[in-house]
Amino acid sequence: MNETLKQYVRLVKKKNEIINQPEYADQEPDIEKKMKHYERELQQGFSTDDGYDEFADAVIKCVYGDISIDELETVYHELISSL
């Protein structure tokens, strides 16, 4: 699995899990900084904003358990290979 993709999903899940907890305020700047780093790396694979938007929707589905991480990776690779 793409390590960048795995780390990005891990951060999104972590953010989603702690967003309403008191410790989120302390961790938010670090989480956001790391997420932006991975987002920039992942965005480089997309030639259009629409492709990245479709990927972002799939990330949200993965976080909420609607699709697996393997399915997310498949979506990612399909989107970047359709360039």
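Condition check ((1) touching a helix residue (DSSP H, G or I) at 6+ places or on another chain (Cβ under 8 Å); (2) among the basic types (Lys, Arg); (3) without any contact (Cβ under 8 Å) to a residue 60 or more places away in the chain) across all residues:
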residue: Thr4; (1), (2), (3): yes, no, yes
residue: Asn16; (1), (2), (3): yes, no, yes
residue: Asn20; (1), (2), (3): no, no, yes
residue: Tyr24; (1), (2), (3): yes, no, yes
residue: Lys36; (1), (2), (3): no, yes, yes
residue: Gln44; (1), (2), (3): no, no, yes
residue: Glu54; (1), (2), (3): yes, no, yes
residue: Ile67; (1), (2), (3): yes, no, yes
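The lone criterion from (1) in contact with a Leu (Cβ under 9 Å, 6 or more places away or on another chain); (2) open to solvent by 90 Å² or more (accessible area, probe 1.4 Å) left unmet by Lys6 is number (1).
The values are calculated or read from the model by the stated rules, or taken from the named source; none is laboratory data. Being a predicted model, the structure only gives us computed values, none of them experimental. Ideal geometry is used to build each Cβ from the backbone, glycine not excepted, and the neighbour counts take in all protein chains shown. Please note that ligands, DNA and RNA were not included when accessible areas were found on the heavy atoms of the full protein model with its side chains. Shrake-Rupley method; radii C 1.70, N 1.55, O 1.52, S 1.80 Å.
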